[in-house]
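Heads up: the structure comes next, in structure tokens.
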Amino acid sequence: MIAGLDHNNNAKAIEAQAVEWLIARDEHQTWTDQDQKQLDAWLAEAPAHTTAFWRVEASWNRTGLIAEIPPFGLGGKEPPRARRWFRFFRIAASLGLFAVFGAGGYLYLSHPEVQTFTTPIGGQKIITLFDGSQIELNTDTILQISSNQREVALIKGEALFQIHHDAEHPFSVSVAGHKVTDLGTKFLIRTNPNGLRVALVEGRARIEPDSGAQDQIAMLVPGDVALATSTSLAVTKKSGQELRDELAWQKGILVFDNTPLTEAAAEFNRYNTVKIMIGGPNADHLKINGAIHTNDSEEFARLAKNLFGLRAEQRGNEIVIGSLDVQ
């Protein structure tokens, strides 16, 4: 659920993760049963996680009493977000998770400057940033997040971004030689061998190349889908339903609408180590409609058989689907 789910044995890092869990659980209004299951799983991973969580929870409860007294100058009107950060900084300081340098004194978390998050083939992961923004990683994805959590790099794969807009601290994604900047946005980014694809679900976003080419900059609004390469940028339009279908992977489903069977197989293969191979001379002309679970190879084979009368044969880590007379 939170930044820091890739654990290590460093005690300070584990304590920092425990602080983040507490913020997510006690300060966010959208804590769900699934979030609780993820917290329980984190606690069960190692005794050190449980010990750290108990320790910071005790500090959290103590600072909760202190936080009821507003800092000087706020006149008792401290906003909830400021109160949350006041508690967070007190806990972090008490646990030694911050260091102070220089005459002016500035603070930083003892996290690495860049954190890397990955998902395996068929995997998903949700990362919640300190401001409540969320990034959901799809299958076979690598994402790097800077220490300020407002700059990320999508190295490969696909991610859905739901970002809390902050005009003073814009959120940006570096990907495939481009930068996508949030303007109060929910957007989907997917890399491909030639570049990237950005689908704007809500709000606005700007896409621009690192080269600075002015003719390859676009402001995206809901429904816009941008396809960008190193030399070009094209924007098309999708309906709300089409975008919702694209996001069905969040529920473990792929939706196909008049999709060539070969393209459907390629999409399915992104989620599975056992690959679907389409054979036969007429495969390019076969179109598929329907929904299928991302990890069910047998379901894909049944669908091909029911729709087109094709047979499937397991060959090692491949399922070859072809015409009935193929031996």
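The table below lists the values:
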{"item": "Least to most buried among 54, 42 (fewest other Cβ within 10 Å first)", "result": "54, 42"}
{"item": "In sequence order, calculated HN-Hα J values of region 174-181 (Karplus, 6.51, -1.76, 1.60; Hz; x Gly/Pro)", "result": "8, 7, 6, x, 9, 10, 10, 10"}
{"item": "Karplus-derived HN-Hα couplings along region 119-136 (A = 6.51, B = -1.76, C = 1.60, θ = phi - 60°), whole Hz, x at Gly and Pro", "result": "10, x, 4, x, x, 9, 7, 10, 10, 10, 7, 4, 8, x, 4, 10, 10, 10"}
{"item": "Modelled FRET efficiency - R0 30 Å, residue 194 with residue 31, Cβ distances, 0.05 increments", "result": "0.15"}
{"item": "Cα gyration tensor shape for region 176-313, rounded if a/c is under 1.5, else prolate or oblate", "result": "prolate"}
{"item": "Efficiency of FRET from Cβ geometry, residue 148 and residue 230, R₀ 41 Å, rounded to 0.05", "result": "0.90"}
{"item": "Net charge dipole size for region 252-322 [Lys, Arg +1 and Asp, Glu -1 on Cβ; Debye, nearest 20]", "result": "140 debye"}
{"item": "Unsatisfied cross-links (Cα-Cα over 27 Å) in the set 37/275; 179/275; 37/251; 156/186; 125/287; 37/186", "result": "37/275; 179/275; 125/287"}
{"item": "Fewest-first ranking of 293, 285, using other Cβ atoms within 10 Å as the exposure measure", "result": "285, 293"}
{"item": "Assigned charges on the beta-carbon of Lys, Arg, Asp, Glu; region 123-276 dipole about Cα centre (debye)", "result": "260 debye"}
{"item": "Cα gyration tensor shape of region 114-242, rounded if a/c is under 1.5, else prolate or oblate by comparing a/b with b/c", "result": "rounded"}
{"item": "Proxy reagent accessibility, fewest Cβ within 10 Å first, across 232, 172", "result": "232, 172"}
{"item": "Two-site FRET efficiency, residue 257 against residue 50, from Cβ-Cβ distance with R₀ of 45 Å, rounded to 0.05", "result": "0.45"}
{"item": "Theoretical gain in end-to-end length, residue 318 to residue 275 [0.36 nm per residue, Cα-Cα removed]", "result": "15.0 nm"}
{"item": "Span from the region 185-208 Cα centroid across to the region 274-321 one, whole angstrom", "result": "30 Å"}
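No value in this document is a laboratory result; all are computed from the given coordinates. What you see is a predicted model, and the numbers here were worked out from it, not measured in a lab. Ideal geometry is used to build each Cβ from the backbone, glycine not excepted, and the neighbour counts take in all protein chains shown.
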